[in-house]
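Undergrad: The structure that follows is given in the form of structure tokens.
The values are calculated or read from the model by the stated rules, or taken from the named source; none is laboratory data. Quick caveat: nothing in here was measured; it's all calculated off a predicted structure. Methodologically, a virtual Cβ is constructed for each residue, glycine included, from the backbone with ideal geometry; neighbour enumeration extends over all protein chains shown. Ligands, DNA and RNA are excluded from the accessible area calculation, which covers all protein heavy atoms including side chains. Shrake-Rupley method; radii C 1.70, N 1.55, O 1.52, S 1.80 Å.
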Amino acid sequence: MSVLTDHPHIENSKDAYSYDITEIGPFEKSSFTSPNSSHNHKQGLDKRPPLEYRATETDEIAFEHHDTSEEEEIGSISNFEVEESISELGPLSFTNPPGNLHRVITACIWVFTLGCSDGSVGVLLNYIEEQYNISYSISSLLWLSNAVGYIIVAALASKIQTHLGRKSTTIGCIFSIVMYSLVSSGSKFPVIVLGFFFGGIGVGICVSQFNVFVSRLEKSSTALGYFHGCYGLGASVSPLMATAFVEAGIKWHYYYVILIGLMIFNTGNTYYAFIRKGDELIPWDMAESTNSTNVTVERGLMKEAIKNKLTWMTSFFVLFYQGAEVAVGGWITTYFRDFRQHKEASVGYIASGYWFGITFGRLVLTRLIHKLIGARRGNSLLAVSAIVFLLLTWLVPSLPLEILTITLAGISIGPIYPLLMTYVVSEGLLPRKIQIVSLTITTAFGSSGGAVFPFFVGLISQFAGTFVVFPSSIALFSATLVLWLSMPNTKYRNIGQTKLERLKHIW
């Protein structure tokens, strides 16, 4: 176990940065090497062993028996050393370290597969209901079981991060393979529901890891735009593929055989990129974490994340946002078929227009909006425009205009999520040491919203009709707008007393 030894009596000395790093066992006390040692500061840095720490059961027992004086000896690296280390490493980017480009591509292929899964449910829902002879409310259990999986992952977020870290991405892919295998069997409906439960676990594990990795890159808004844009791309092509399947007379559940193949590829890809070659990222992990953490940091991450107000603000924001996004994408085909009476199978292509709009917004507009007006103002305008276009889709009973407005709604909805991640992670609203745990909670909430709210839409539609899709989505986006404006403003953190100062804080 590698630790950095410190001494309280040289804190203000000119040699205060001349520390030496030693290797100690879990039960040994650390020793201080004199600042006048023959080894200078640079040599000490060059010979410094990796500062990675993985808590083990033995370590935890040892720490429980340490006295106060011993804990005080275990210090953190000085700001000087952290800044020097980061300067030498260079910023984390698409090409630094060299394997990062492959990691970004790996994350994008994974999220593309997720989009192919999520975007197809709305198109296939009618055929699922026909095969099992079930109502809207019963078919909505698919989303509910998905949400249960996400919630379990959120509850175990700290343990997953502590014991598995980035290794959990491969395990998440395996859970997704289980889901697609069960669903592709076309077995009894409870088996399909169980499959969606395993899918919720798999996605919940992976998505927070990928979000944090991508958001740490130098051009985070561009990277997040690509990442979430690939989700929209998958969700755009999947209604086309799923509609082509059923129009050709192929049973709906065979569509998931394609997803099995994609996820098997993702499993091998994530293993190679984030586990076998994952050591490349360790210097950046340690350089960013040692300034604010010590060797006992693993213990209270979940507790600290739960106490952080921003964790809950972003969690409920994403809960409402993804709830509205998936509710529209999941029920829009049913809405046009049953409420607008467009009975032809090609009505499934309308969902592709919506998801294509989301893809276009994320890939093209995210970076542009962030550069021109910033994430805070950009998301405020996008949320308002999404509400307007959804309202027009609901109120205007003209198919060509509805296709146009639902596509424009998708374009407005698309950049909101990556801009949120850029604002929260890159601009320092969440402390670095709790980011993964906080964002695991956030993404679990978001994914749960993308499951729970479509479930409630289906439940209400059973009694009131599918028109409820749009008023419920408008209400959810209104809630996201209120939460967004309530978040701290990184440029105007102090709320003044005058109306102008308060307006600056909001805007």
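Undergrad: Name the residues in the range 149-161 that are surrounded by fewer than 17 Cβ atoms within 10 Å (Cβ to Cβ) and β-branched (Val, Ile, Thr), would you?
TA: Scanning the range 149-161 gives a single hit, 152.
Undergrad: Related question: In the range 390-441, how many residues are surrounded by fewer than 22 Cβ atoms within 10 Å (Cβ to Cβ), in a helix (DSSP H, G or I) and either at pLDDT below 90 or among the hydrophobic types (A, V, I, L, M, F, W, C) (or both)?
TA: Within the range 390-441, residues that are surrounded by fewer than 22 Cβ atoms within 10 Å (Cβ to Cβ), in a helix (DSSP H, G or I) and either at pLDDT below 90 or among the hydrophobic types (A, V, I, L, M, F, W, C) (or both) number 13.
Undergrad: Testing residue 156 on (1) in contact with a Gly (Cβ under 9 Å, 6 or more places away or on another chain); (2) within 23 Å of residue 275 (Cβ to Cβ), one condition comes back false. Which one is that?
TA: The number of the failed condition is (1).
Undergrad: Something else about it: Does residue 448 satisfy being at pLDDT below 85, open to solvent by less than 40 Å² (accessible area, probe 1.4 Å) and in contact with a Phe, Trp or Tyr (Cβ under 6 Å, 6 or more places away or on another chain)? Break it down stepwise before answering.
TA: Details: at pLDDT below 85: yes; open to solvent by less than 40 Å² (accessible area, probe 1.4 Å): yes; in contact with a Phe, Trp or Tyr (Cβ under 6 Å, 6 or more places away or on another chain): yes.
The answer is yes for residue 448.
Undergrad: Taking residue 343 as meeting all but one of (1) part of a helix (DSSP H, G or I); (2) surrounded by fewer than 20 Cβ atoms within 10 Å (Cβ to Cβ), write down the number of the exception.
TA: Status for residue 343: all satisfied but (1).
Undergrad: I've got another one for you. State all residues of the range 113-148 that are part of a helix (DSSP H, G or I) and of a type in the set (Ser, Thr, Tyr); if no residue qualifies, say none.
TA: Start the filter on the range 113-148 by keeping residues that are part of a helix (DSSP H, G or I), which leaves 113-132, 136-139, 141-148.
Correct list: 113, 117, 120, 127, 132, 136, 137, 139, 145.
Undergrad: Shifting gears a bit: If you check every pair at least six apart or on different chains, which have Cβ atoms under 7 Å apart with a residue in the range 452-468 that is in contact (Cβ under 8 Å) with a residue 12 or more places away in the chain first and a residue that is among the charged types (D, E, K, R) second?
TA: 466/338
Undergrad: Let me ask something else. What is the one condition in (1) in contact with a His (Cβ under 6 Å, 6 or more places away or on another chain); (2) surrounded by fewer than 21 Cβ atoms within 10 Å (Cβ to Cβ) that residue 254 does not satisfy?
TA: The failed condition is (1).
Undergrad: Okay, next question. Could you please tell me which pairs satisfy a Cβ distance under 7 Å, a separation of 6+ or placement on different chains, a first residue in the range 126-146 that is within 13 Å of residue 183 (Cβ to Cβ), and a second residue that is not in a helix (DSSP H, G or I)?
TA: Listed pairs, sorted by first residue: none to list.
Undergrad: I'd like to know if the range 155-163 contains one or more residues that are modelled with pLDDT under 90, over 28 Å from residue 124 (Cα atoms) and β-branched (Val, Ile, Thr).
TA: Keep residues of the range 155-163 that are modelled with pLDDT under 90, which gives 155-163.
Then keep just the ones that are over 28 Å from residue 124 (Cα atoms); that gives 155-163.
Pick out the ones that are also β-branched (Val, Ile, Thr) and you get 160, 162.
Yes: one or more hits.
Undergrad: Answer with yes or no whether residue 133 is open to solvent by 40 Å² or more (accessible area, probe 1.4 Å) and under 20 Å from residue 460 (Cα atoms).
TA: yes
Undergrad: For residue 276, indicate whether it is at pLDDT below 90, touching a helix residue (DSSP H, G or I) at 6+ places or on another chain (Cβ under 9 Å) and surrounded by fewer than 22 Cβ atoms within 10 Å (Cβ to Cβ). Quick ask: steps written out before the conclusion?
TA: Details: at pLDDT below 90: yes; touching a helix residue (DSSP H, G or I) at 6+ places or on another chain (Cβ under 9 Å): no; surrounded by fewer than 22 Cβ atoms within 10 Å (Cβ to Cβ): yes.
In short, no.
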